[in-house]
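Take a look at the structure set out below.
A short reminder: the numbers here are calculations on the coordinates, not readings from a lab. Since the structure is predicted, the reported quantities are computational estimates derived from the model, not experimental observations. Because the Cβ atoms are built from the backbone with ideal geometry, glycine has one as well, and the counts that use them run over all protein chains shown.
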Amino acid sequence: MRSLYNPTRMNNIAKATEDLVRKLQQLCPNCGFVDFDVVERRKGLPCELCGLPTQVTRAHIYRCDRCQFQQEVLFPDEVQTADPMYCSYCNP
Ligand SMILES: [Zn+2]
Ligand SMILES: [Zn+2]
């Protein structure tokens, strides 16, 4: 528990850089146009304890400006359950 704080911070910084790089490299899988980017964040990641949907992001929706191709990327934060602290049932 005690070593949790710093690594999390470091991960967030690394993640921000990663996001930027990813954004620059992201091409539409359908037409190859640049700027294939997140247009919507869908909430509803299930709570780790009770399984009810929470306010945590479950999926990112990518859309191409050029051909309107759309792709849903599940679990963009690489977690499939939400911390119960975000659950309105477990932690009202
Ligand atoms: Zn496209
Ligand atoms: Zn819950």
HN-Hα J couplings of region 71-88 from phi, Karplus 6.51/-1.76/1.60, θ = phi - 60°, integer Hz, Gly and Pro as x?
9, 9, 10, 7, 6, x, 8, 6, 10, 9, 9, 9, 5, x, 5, 8, 8, 6
Just subtract the alpha-carbon distance of Phe33 and Phe75 from 0.36 nm times their residue separation and send over the number in nm, one decimal.
12.7 nm
Residue by residue through region 56-65, which ³J(HN,Hα) values in whole Hz follow from phi under the Karplus form 6.51 cos²θ - 1.76 cosθ + 1.60 (θ = phi - 60°), with glycine and proline marked x?
6, 4, 9, 8, 9, 9, 9, 9, 8, 5
In nm, to one decimal, how far is the Ala14 label point from the Cys90 one, both placed 7 Å along Cα→Cβ?
2.5 nm
